[in-house]
1. What number of residues in region 78-96 are touching a residue at least 40 places away in the same chain (Cβ under 8 Å) and out of contact with any strand residue (DSSP E or B) (no Cβ under 7 Å at 6 or more places or on another chain)?
2. Could you please give the count of residues in region 142-201 that are closer than 21 Å to MET244 by Cβ and hydroxyl-bearing (Ser, Thr, Tyr)?
3. What is the one condition in (1) buried (at least 16 other Cβ atoms within 10 Å of the Cβ); (2) modelled with pLDDT under 95; (3) within 22 Å of ILE170 (Cβ to Cβ) that CYS217 does not satisfy?
4. Yes or no: LEU239 farther than 19 Å from VAL191 by Cβ and either touching a strand residue (DSSP E or B) at 6+ places or on another chain (Cβ under 8 Å) or at pLDDT below 90 (or both)?
5. Within the bounds of region 144-163, is there any residue that is within 15 Å of ALA70 (Cβ to Cβ), at pLDDT below 90, surrounded by fewer than 16 Cβ atoms within 10 Å (Cβ to Cβ) and not acidic (Asp, Glu)?
Amino acid sequence: MSRRPPTIDVPAQHRSFFANNQPARQSMQIWLLSCRSCSSKKTASATMPFPLKCLPYGFRQRLRELSNPAEAYNLQIAVGNQLSGLQPLVPAVDTFCMCLGMTADFETVRWSSGDSYEIVTDFDHKTFDPVTKELVFNIDTTFSIFDIRDDIFDNSNFTNLYVNKVHDVIIYKEELNLSFIEAVAVRVQNVKRLLLMVSKSTVSIGQIISLFPQIECAEMEFANKGWVQELLLLKRQNLSLTIMLPCLDSALSFEANEMELLLKNKCTVTIEYDKTMSAFHAEKKVYELIQNTNLVVNVERSYKDQELKFISFALKK
């Protein structure tokens with residue numbers, strides 16, 4: 001039986017582009033034919049590159065217009081020296097760290113890369129130091145976001161703010177909602193470690209992890225009901241998760257077999273909580289939960305703060 005060629009999911013904003021342009025359709029047909037040919041070979045790669053050089057110059061320009069700065073930058077990297085039609089080129093700024101946050105009555109972006117630079121805007125979206133060119137940031141260490149408004153990326157100064165690579169992202173916010181964290185996820189790529197220092201969240205742990213598929217470590221100050229089930233549905237592996245809560249009880253919305261499955265996916269889970277009398281009863285509940293299972297728990301005090309305790313889960317050896 002012959003195998004079907006791969007299904008191509010073309011974004012809605014691009015469909016009319018290919019539907020109304022014969023040369024573009026021909027280029028797409030050439031690509032599909034190559035996919036069909038490769039799909040019959042046992043050594044075929046699961047990922048088929050799109051031959052951008054097959055697109056006419058005007059269509060490469062249109063593709064560039066539809067791309068945000070991060071997408072345009074990645075296109076430049078992908079095509080190598082074949083940059084015709086992808087202008088204007090997006091420069092990358094290599095920097096040690098960067099922060100986006102509130103200073104007095106202003107919201108500021110600043111980064112350290114030899115020459116200091118700032119973008120400053122007040123609450124009326126008036127620009128003091130306008131930056132209109134597109135660029136992306138490659139950050140060696142941390143991108144910190146301090147208590148900014150949910151609509152900050154609607155401001156013309158911040159609309160084109162994109163991070164191509166960063167190790168840590170730290171968000172300090174009174175309340176975290178889905179639209180804000182989605183906006184951050186679109187603009188900040190290739191994150192390794194995510195820290196959410198928030199007082200309240202209407203977003204679940206599963207939703208957040210799904211928005212940052214490349215993170216290896218996450219620390220959060222909240223836990224929603226069913227968070228372990230969400231991570232199992234995502235089939236996440238090799239994730240280190242730390243949940244920091246005043247009360248241990250609020251993190252215990254899972255069954256022992258669910259935690260066991262999560263650990264089998266090579267994930268690690270640590271819960272940090274306050275040492276109180278209620279915590280003692282919650283710890284007792286944990287020990288009851290793991291009875292007659294393949295789970296073991298380790299409870300210890302924080303070496304930095306004796307009023308804090310940690311509980312971690314592991315599989316029996």
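1. Residues flagged as touching a residue at least 40 places away in the same chain (Cβ under 8 Å) and out of contact with any strand residue (DSSP E or B) (no Cβ under 7 Å at 6 or more places or on another chain) within region 78-96 amount to 1.
2. 5
3. So the condition that CYS217 fails would be (2).
4. It is false that LEU239 is farther than 19 Å from VAL191 by Cβ and either touching a strand residue (DSSP E or B) at 6+ places or on another chain (Cβ under 8 Å) or at pLDDT below 90 (or both).
5. Scanning region 144-163 turns up at least one residue that is within 15 Å of ALA70 (Cβ to Cβ), at pLDDT below 90, surrounded by fewer than 16 Cβ atoms within 10 Å (Cβ to Cβ) and not acidic (Asp, Glu).
Condition check ((1) touching a helix residue (DSSP H, G or I) at 6+ places or on another chain (Cβ under 8 Å); (2) over 22 Å from ASP140 (Cβ atoms); (3) without any contact (Cβ under 8 Å) to a residue 12 or more places away in the chain) across all residues:
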{"position": "MET197", "(1), (2), (3)": "no, no, no"}
{"position": "SER201", "(1), (2), (3)": "no, yes, no"}
{"position": "ILE205", "(1), (2), (3)": "yes, yes, no"}
{"position": "GLU216", "(1), (2), (3)": "no, no, no"}
{"position": "GLU219", "(1), (2), (3)": "no, no, no"}
{"position": "LYS225", "(1), (2), (3)": "no, yes, no"}
{"position": "LEU232", "(1), (2), (3)": "yes, yes, no"}
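The values are calculated or read from the model by the stated rules, or taken from the named source; none is laboratory data. If you're wondering where the values come from, they're calculated on a predicted model, not measured in any experiment. Reconstructed Cβ throughout: ideal geometry from the backbone, glycine too, with neighbour counts over all protein chains shown.
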